[in-house]
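Engineer: Submitted below is the structure of interest, expressed as structure tokens.
No value in this document is a laboratory result; all are computed from the given coordinates. Because the structure is predicted, anything quoted here is derived from the model rather than measured. No Cβ is skipped: glycine too gets one built from the backbone with ideal geometry, and neighbour counts run over all protein chains shown.
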Amino acid sequence: MAKAALTQRELKDKLLNVLNDKYGVTPDAASNQQIYEALASIIVTILREKRKNFTNKVHSEGRKQVYYLSMEFLMGRSLKTSLFNLKLTDAADKILKEYGITLDSIYEAEPDAGLGNGGLGRLAACYLDGLATDGYSATGYSILYELGFFKQKLQDGWQNELPDNWLPGGKIWLVERPEQAVEVHIGGEAREKWENNYHIVTYDKYTTISAVPYDLFVSGYDSEAVSKLRLWKPVNPIHDNTPFITGDIASLDAAARKSYEVDAIGKVLYPNDQKEMGQELRVKQQYFLCSASINDIVNHHMATYGTLENLADKVAIQINDTHPTMAIPELMRILLDDCGYSWDKAWDITTRVFAYTNHTVLPEALEKWDISIVQKIAPRIYSIIVEINNRYCGEIWEKTHSTELCNRMTIIDGGKVHMARLCACASMKINGVSAIHSEIIKESVFRNEYQNTPEKFTNVTNGIAYRRWLCQSNKPLCELLDEKIGTGYRKDATKLKKLEAFRNDPDTLKKLAAAKLENKKSFAKYVKQQCGKVIDEDTLFDVQVKRLHEYKRQHLNVMNIVADYLTLKDDPSANILPRTYIFAAKAAPSYYFAKQVIKLIWSISKELDKPENKSIREKLNVVFLENYSVTLSEKLMPAAEISEQISLAGTEASGTGNMKLMLNGAVTLGTRDGANIEIGAAAGEDNIVFFGMTAEEVKHRERSYSPIKIYDSDAEVKAVIDQIEKGFNGNDFADIARDFFKGKDQYMALADYRSYRDAQAKVSELYRNAEKWQSMSLMNIAGAGVFSADRAVDEYAKNIWGLRK
Ligand code: 26Q
């Protein structure tokens, strides 16, 4: 077992020095902000050095490296996890205590690096941790967004979006490397011609953007390896200073406009709704990321090996959903135009380098860009895509003589470029993110591609950086684990299995209950501080936290709440298990219905707050927490008892919040969707509460589905929807009642309602048997080991990238 990166003495000396040199203060006079920045800068220096040593070793052994391309990395905070992974938490804690400062208060000075929408971005962040912990050589690439994903503020229950200006507190983690800047060319004109059997490509009149790297280091736990996240900042290179010297207004104007356009590329992270956004800017962002990253990878490889012949032996590039797809034609462009490779040779290299992960089956989420936009932003890339497609369609025709198949697989179709089809065509491997999801994509989105190249398809079930949500967030539980199973689980999550032996041990179960209660108390205190709302830790904490979307069916959860509300309204003494329903969710800014659902939850919460509803509130309380983030999830997960994972079967690719909740002992109440199925297998089917239709049943039912028939025939459903229509706290929700429930009910909430109600009743019954409940909770913790990112990236490394440790 490796020792701490520094002794307590060394850390203290460094801290005192930095505080003195940078701010001229001693710890007792320093602000929390100053101490945070001083600790951060010490860690950055350690990690930078460690990464250098690790990289030297990797190079000297000629080992293969992986590059993870993603438009999003939802990193959250870095200080706590870095101290923990470097085994410096105790030392830092003791040093600060000497000055009467708590380490926790220092953590609060750090903003989240919220460079992601949700699951996909957090997964990328978790994988950097897992890769470093497992000892793999990994680099992530993304954009240095000036503004992260928006901050959510509710006004009268309506979501407002505020800019997330994270850099003032967050840039301390970034190391600028201007000497490694690369050029990206955008726009312009590309022409091709044949001359004496030579294919001549000219590309000119483009705009040059400088991509400047900012590196953020991610420590592994108890490991030599350090992952690097390289964030590109777009900068306008001022080659031509004449307008500034001559003062020519028109040229100055053009120069200012260009600066503005370049800055816009790095301004803001897009929310995951395609409808209302500026498509051109998004495509520009994507090409900027792809071009900068591929050029960097190629430069680095050339500097190490002096040739690209062995690129595929030394480099694997993972594409996180289709967002970085243009990396594929960009590598082709460099091999063809810059290095003079033949098409066949370039294609052979490219198709052995890339692998692609799919994260969704919702058709509206599949990226298709207008030809005109791709052509305008990256004309040479477009011409390469056309050539890839011509050859691809040619091959399919040769193989099958089916025009129909060619039409279904063509990358360019209906005036659009289908990014997923391009990924499938060029990648060595294609994976889904849970067992069921990897099966579904073979029958749906990639039905034809699967028939053509079945050997490309594989599954890697998602995993989480579990230490962040267990060791770094849930001290009471970790103390119990240390006592019962030792500390081996910190490095090897499968060791959590040892806890199973205690499933019927009264002492363990009692202590497990005590740990949960302690966490619930802390969380209740936090909620009180944050929004003034009082929640009772003696009630069951029932948690649904995730992005707001109709397919995730927060509104089904609301239906159950309203049904109980109506019962209690009638008879406050009704035998209903006291619960606190906890929600947190951001809606995409232009997603009207999602915002309505937030307002609905908020209105119910307000209604229950009224003094005249006190006796109802004792049994039924609802809280909506603003601004769900990585940091909020770290505070919430330890306190959760029920994990609501209630998406319509077949729609949630995996889910990862479900894994964090399970790990903290929450029992899943869920559909047979995404990773829930594997959670059931890992915890044992008796330790999860499933309900609702299976994905198969959904498929069969869909065609003849009629929500209004259910509304008309089930009195309770009718009463619930009518109440939602009438509203709460003076707000009506006729829109939701009409469109979500009585109209299309696209995600079939009414079809699963009865089964969900029954499942909730079963939960109450199980919870009333305290010992039974704690034993279920324990089995979830014991089974959570397979959902570690350490395991997931190991599967990628072995089955997809061909990496050695
Ligand atoms: C696309 C085009 C333009 C602008 C934005 C986007 C965009 C951005 C983000 C589309 C989708 C996303 C994010 C998707 C996502 O988070 N998917 C989730 O990925 C998790 C990790 O695999 C899964 O666990 C979840 O099931 C899946 O919903």
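Engineer: Which length gain, in nm to one decimal place, applies between Lys205 and Ser251 when the Cα-Cα distance is subtracted from 0.36 nm times their residue separation?
Structural biologist: Full extension of this stretch gives 14.9 nm more.
Engineer: Take peptides 434-446, 310-322, 165-177, 182-194 and line them up by average Cβ neighbours within 10 Å, highest first, as a rough protection proxy.
Structural biologist: 310-322, 434-446, 165-177, 182-194
Engineer: To continue, here is another question. For the stretch 236-341, just say rounded, prolate or oblate: build the C-alpha gyration tensor, square-root its eigenvalues into a ≥ b ≥ c, call rounded for a/c under 1.5, and beyond that prolate if a/b exceeds b/c, oblate if not.
Structural biologist: Because a/c hits 1.5 or more and a/b fails to exceed b/c, the stretch 236-341 counts as oblate.
Engineer: What number do you get for the stretch 118-257 when its Cα radius of gyration is normalised by 2.2 N^0.38 Å, N = residues?
Structural biologist: Compactness ratio reported: 1.49.
Engineer: Turning to a different aspect of this structure: Quick one: grab the alpha carbon gyration tensor of the stretch 66-145, order the square roots of its eigenvalues as a ≥ b ≥ c, and give me rounded if a/c is under 1.5, else prolate or oblate depending on whether a/b is larger than b/c.
Structural biologist: oblate
Engineer: Sticking with this one: Efficiency by 1/(1 + (r/R0)^6): what FRET value for Asn53 and Glu183, r their Cβ-Cβ distance, R0 = 30 Å, to the nearest 0.05?
Structural biologist: So, using R0 = 30 Å, E works out to roughly 0.50.
Engineer: Follow-up question, since we're still on this one. For the stretch 592-651, what is the Kirkwood hydrodynamic radius in Å, using each pair of distinct C-alpha atoms?
Structural biologist: 13.9
Engineer: Between the helical axis of 592-609 and the dominant principal axis of the chain, each derived from Cα atoms, what acute angle in degrees is found, rounded to the nearest 10?
Structural biologist: 30
Engineer: On alpha carbon coordinates alone, what is the Rg over Rh value for the stretch 35-86, Rh being the Kirkwood radius?
Structural biologist: We get a ratio of 1.06 for the stretch 35-86.
Engineer: Within the stretch 244-349, which GluC sites (Glu not before Pro) sit in a loop by DSSP and count at most 13 neighbouring Cβ atoms inside 10 Å?
Structural biologist: When the GluC sites (Glu not before Pro) of the stretch 244-349 are filtered for loop state and at most 13 Cβ neighbours within 10 Å, Glu276, Glu309 remain.
Engineer: Spin-label point model (7 Å from Cα, Cβ direction): what's the Gln8 to Lys569 distance in nm?
Structural biologist: A separation of 6.0 nm, rounded to one decimal place.
Engineer: Could you state the angle between the C-alpha long axis of helix 554-570 and the longest principal axis of the C-alpha atoms of the chain, as a value from 0 to 90 degrees rounded to the nearest 10?
Structural biologist: For helix 554-570, the angle is close to 10 degrees.
Engineer: If you don't mind, another one. Can you compute log10 of I(q)/I(0) for the stretch 623-710 with the Debye formula, treating each Cα as one identical point scatterer, at q = 0.19, 0.24, 0.26 Å⁻¹?
Structural biologist: -0.88, -1.15, -1.26
Engineer: How far is it, in nm, from the label point at Glu146 to the one at Lys510 when both lie 7 Å from their Cα along the line to the Cβ?
Structural biologist: Once both label points are built, they end up 6.0 nm from each other.
Engineer: In square nanometres, what is one fourth of the surface area of the convex hull spanned by the alpha carbons of the stretch 309-445?
Structural biologist: The orientation-averaged projected area of the Cα hull of the stretch 309-445 comes to 8.7 nm².
Engineer: Right, another one. Cβ neighbours within 10 Å, averaged per peptide: list 733-745, 141-153 in order, most packed at the top.
Structural biologist: Final packing ranking: 141-153, 733-745.
Engineer: Moving on. Figure the gain on full extension for Glu176 and Lys193 (residue separation times 0.36 nm, minus the Cα-Cα span) and round it to one decimal in nm.
Structural biologist: The Glu176-Lys193 span can extend by a further 2.0 nm.
Engineer: Okay, moving on. Be a star and scan the stretch 182-197 for residues whose amide nitrogen sits under 13 Å from the point 7 Å along the Cα-to-Cβ vector of Lys376.
Structural biologist: From the stretch 182-197, the list is 187-188.
Engineer: Let me ask something else. Order these peptides, 681-687, 342-348, by their mean beta-carbon neighbour count within 10 angstrom, highest first.
Structural biologist: Packing order, densest peptide first, comes out as 681-687, 342-348.
Engineer: Quick check of the Kirkwood formula: for the stretch 538-578, what is the inverse mean of 1/r over all pairs of different Cα atoms, in Å?
Structural biologist: Value: 11.8 Å, from the Cα pair sum.
Engineer: Ok, one more. Can you tell me the orientation of helix 119-134 relative to the chain, as the angle in degrees between its alpha-carbon axis and the longest Cα principal axis, to the nearest 10?
Structural biologist: 80
Engineer: Kirkwood-based Rg over Rh for the chain (C-alpha set), two decimals?
Structural biologist: 0.97
Engineer: Figure the gain on full extension for Glu771 and Thr102 (residue separation times 0.36 nm, minus the Cα-Cα span) and round it to one decimal in nm.
Structural biologist: Taking 0.36 nm per residue and subtracting the Cα distance, the gain is 237.3 nm.
Engineer: Under a point spin-label approximation (7 Å from Cα along Cα-to-Cβ), what is the Thr494-Ile238 distance to one decimal in nm?
Structural biologist: Label-label distance for Thr494 and Ile238, simple model: 5.9 nm.
Engineer: Among Phe73, Phe457, what is the fewest-to-most ranking by other Cβ atoms within 10 Å?
Structural biologist: Phe457, Phe73
Engineer: Based on the Cβ-Cβ distance of Tyr526 and Ser402, what FRET efficiency does E = 1/(1 + (r/R0)^6) give at R0 = 60 Å, to the nearest 0.05?
Structural biologist: 0.50
Engineer: On to the next question. What FRET efficiency, computed as 1/(1 + (r/R0)^6) with R0 = 51 Å and r the Cβ-Cβ distance, is obtained for Lys614 and Asn390, rounded to the nearest 0.05?
Structural biologist: 0.10
Engineer: Please label the shape of the stretch 487-639 as rounded, prolate or oblate, based on the square roots a ≥ b ≥ c of the eigenvalues of the alpha-carbon gyration tensor (a/c under 1.5 means rounded; beyond that, a/b larger than b/c means prolate, else oblate).
Structural biologist: Here the stretch 487-639 falls in the oblate category.
Engineer: Nothing charged except the Cβ atoms of Lys and Arg (+1) and of Asp and Glu (-1): what's the magnitude of the dipole of the chain about its Cα centre? Round to the nearest 20 debye.
Structural biologist: Value, rounded to 20: 1140 debye.
Engineer: So which of Lys57/Lys660; Lys97/Lys267; Lys80/Lys233; Lys57/Lys456; Lys153/Lys610 end up more than 28 Å apart, counting from Cα to Cα?
Structural biologist: Lys57/Lys660; Lys97/Lys267; Lys57/Lys456
Engineer: Now a separate question. Taking a temperature of 25 °C and a viscosity of 0.890 mPa s, what whole-number D in µm²/s does Stokes-Einstein yield for the stretch 1-105 with Rh from Kirkwood over alpha carbon pairs?
Structural biologist: 158
Engineer: Here's something else I'd like to know. Relative to 2.2 N^0.38 Å, what does the C-alpha radius of gyration of the stretch 655-779 come to as a ratio? Two decimals please.
Structural biologist: Expressed relative to 2.2 N^0.38 Å, the Cα Rg reads 1.23.
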